[in-house]
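Report on one structure; see the data block that follows.
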Amino acid sequence: MSGGPAGTTWAETYRFTASTLHRPSSMGELRGVITSGTRVRALGTRHSFTDLADSAELVSLERLIIEPVLDADRREVRVSAAMSYGALAAWLEHRGWALQNLASLPHISIGGAVMTATHGSGLANGSLSAAVRALELVTGDGQILRIDDTDPRLAGVVVSLGAVGVVTRLSLAIVPSYRLRQQTFAVARWADLVHDVPALMSSAYSVSIFTDWLDRHELLIKSREGDADAADHVGSALTDLPDTENVTPRRGVWGPWSERLAPAVKVVKHSGQVP
Ligand SMILES: Cc1cc2nc3c(=O)[nH]c(=O)nc-3n(C[C@H](O)[C@H](O)[C@H](O)COP(=O)(O)OP(=O)(O)OC[C@H]3O[C@@H](n4cnc5c(N)ncnc54)[C@H](O)[C@@H]3O)c2cc1C
């Protein structure tokens, strides 16, 4: 398959056909790219696996990153769509604040993750889009539109896969910083996992099931310090897990949310390339 200058998705599952990849460094430049192009779509950190982000022309906001702005009274932070969750998590933690949820990878762009309803886990924690209180986007005719949660259009735009315009900034709900620990439990029988799924999934801040569908089943439990978790979890805690550089600590040691909530630190591809 022939391809354009935008290369491939991160997982190399799709080669972009766009003729141009724009990298504007100002809002004026971005509006010019959009109004002079035929079909222009935003490209985030390329972690979708399909042709979803492809178009005649692509625009990356990686040169449009600005410092986040914290509004402690409103409990929200205003960020650039191109910022990564990992960078925002460290920035917030340093100031005593946190996000309620993160996905498995810390380096995906906030704009791309929100536009595709990227999720973490935890029954009460919502997807990453659920934290959006307002967003600013540049529409196809170059207008800058700011939509907040008093505007009924927000619900239609927040998970619009980049089809409504290029999102430049978002305001996200924040909570006071908290501490977490991760524990992994080996579960001998699948039946033990599924006999009361609602109770299991609500037994801690975040509960994830990993299985090979045969005879190996694991629970990854994230507990928040101060929360009353279910006293017993099915299975036996694995205490001899190696701490590798690719995953966040999961031997039950308490630490800041920013170093525990995303299970992965980075994912190294077979080529040795880091995202
Ligand atoms: C190893 C790996 C692990 C993953 N883990 C998870 C996970 O735990 N949970 C989960 O739910 N998903 C997961 N995903 C999927 C990933 O989170 C989504 O594909 C997400 O969209 C990635 O964001 P991105 O910035 O890379 O988006 P891209 O792939 O670059 O773009 C996705 C879509 O968002 C649009 N978009 C991007 N930026 C903007 C913008 N500024 N304005 C408007 N539209 C925009 C694009 O046009 C496109 O339609 C994983 C993917 C990989 C490869």
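The values are calculated or read from the model by the stated rules, or taken from the named source; none is laboratory data. From a predicted model like this one, the values you see are computed outputs, not experimental measurements. Because the Cβ atoms are built from the backbone with ideal geometry, glycine has one as well, and the counts that use them run over all protein chains shown. The protein model used for the area step is the full one, side chains on, heavy atoms only, and it has no ligands, DNA or RNA in it. Shrake-Rupley method; radii C 1.70, N 1.55, O 1.52, S 1.80 Å.
Values computed for the structure shown
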item	result
Test: residue in the range 147-160 that is away from the ligand (no atom under 14 Å from the Cβ), of a type in the set (A, V, I, L, M) and open to solvent by 20 Å² or more (accessible area, probe 1.4 Å)	yes
Unique match (being among the hydrophobic types (A, V, I, L, M, F, W, C) and closer than 24 Å to LYS222 by Cβ) among ALA98, ALA82	ALA98
Subset of the range 111-123 (residues that are touching a residue at least 40 places away in the same chain (Cβ under 8 Å) and either more than 13 Å from the ligand (Cβ to nearest atom) or farther than 22 Å from ILE65 by Cβ (or both))	ALA117, GLY120, SER121, GLY122, LEU123
One residue from VAL164, VAL187, VAL138 being within 12 Å of the ligand (Cβ to nearest atom), more than 19 Å from the chain's Cα centre (by Cα), of a type outside the set (Lys, Arg) and buried (at least 19 other Cβ atoms within 10 Å of the Cβ)	VAL138
Flag for LEU172 being more than 10 Å from the ligand (Cβ to nearest atom), open to solvent by less than 40 Å² (accessible area, probe 1.4 Å), under 22 Å from TRP97 (Cα atoms) and not assigned by TED's automatic domain parsing to the domain that holds ASP229	yes
Which listed residue is at pLDDT 95 or above and touching a helix residue (DSSP H, G or I) at 6+ places or on another chain (Cβ under 7 Å), from ILE209, ILE174	ILE174
Pairs with Cβ under 9 Å, 6+ apart, first in the range 15-29 and farther than 14 Å from LEU64 by Cβ, second β-branched (Val, Ile, Thr) and in a loop (DSSP other than H, G, I, E, B)	ARG15/THR9; PHE16/THR9
From the options ARG46, ARG75, ARG31, residue that is among the basic types (Lys, Arg) and more than 20 Å from the chain's Cα centre (by Cα)	ARG31
Yes/no for VAL79 being crowded, with 18+ Cβ neighbours inside 10 Å and more than 10 Å from the ligand (Cβ to nearest atom)	yes
All positions within the range 93-110 that are away from the ligand (no atom under 13 Å from the Cβ), under 26 Å from SER202 (Cβ atoms) and in contact with a Leu (Cβ under 8 Å, 6 or more places away or on another chain)	TRP97, ALA98, LEU99
